[in-house]
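Each remark here refers to the structure printed beneath this line.
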Amino acid sequence: MVYFGGCHPEAGPLVRQMREQGLQAKFFSGDCVVTEELVTTAGGPQFTNGVLMTFGKDPRTIPEGKTVIEKFRASGFETRRLYPLRLCLDPGYRCGL
């Protein structure tokens with residue numbers, strides 16, 4: 001397994017180079033690669049199939065987060081784009097998760 005602590009601009013080319021050189025180790029990274037650009041910077045889904053990534057739970061869906069979200073909204077900050085579910089799910093499906 002290769003754990004990468006960076007973001008998609010570097011992760012995409014790295015995972016592509018790994019695959020092009022025949023390295024089939026699992027590629028694992030954090031939420032900085034949970035973007036559609038990971039697939040683009042890697043050169044396509046044929047390189048990102050099987051990539052593993054982690055990300056936190058949407059704070060709008062947990063009781064502890066609702067109080068914080070309400071405080072943000074009361075101060076005029078709209079949280080609907082804070083952690084959109086689409087951001088998490090679409091790239092995951094495109095990456096073969």
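Laboratory data are not the source of any read-out in this text; all were calculated from the coordinates shown. Note that this is a predicted model, so its numbers are computed, not measured. Cβ coordinates were reconstructed from backbone atoms using ideal geometry, including for glycine residues, and neighbour counts include every protein chain displayed.
In order along the range 3-10, phi translates into HN-Hα couplings of 9, 10, x, x, 10, 4, x, 9 Hz, rounded to whole numbers, per the Karplus curve 6.51 cos²θ - 1.76 cosθ + 1.60 with θ = phi - 60° and x for Gly and Pro.
Using the Cβ of residue 6 as centre and a radius below 15 Å, the other residues enclosed give a net charge of -2, where K and R count +1 and D and E count -1.
Taking amide H atoms as placed 1.01 Å from N in the peptide plane, the amide H of residue 27 lies under 5 Å from those of 2, 52, each 5 or more residues away in sequence or on another chain. Which net charge results when you count Lys and Arg as +1 and Asp and Glu as -1 among the other residues whose beta-carbon is under 12 Å from that of residue 66? Taking every other residue near residue 66 into account, the sum is 0.
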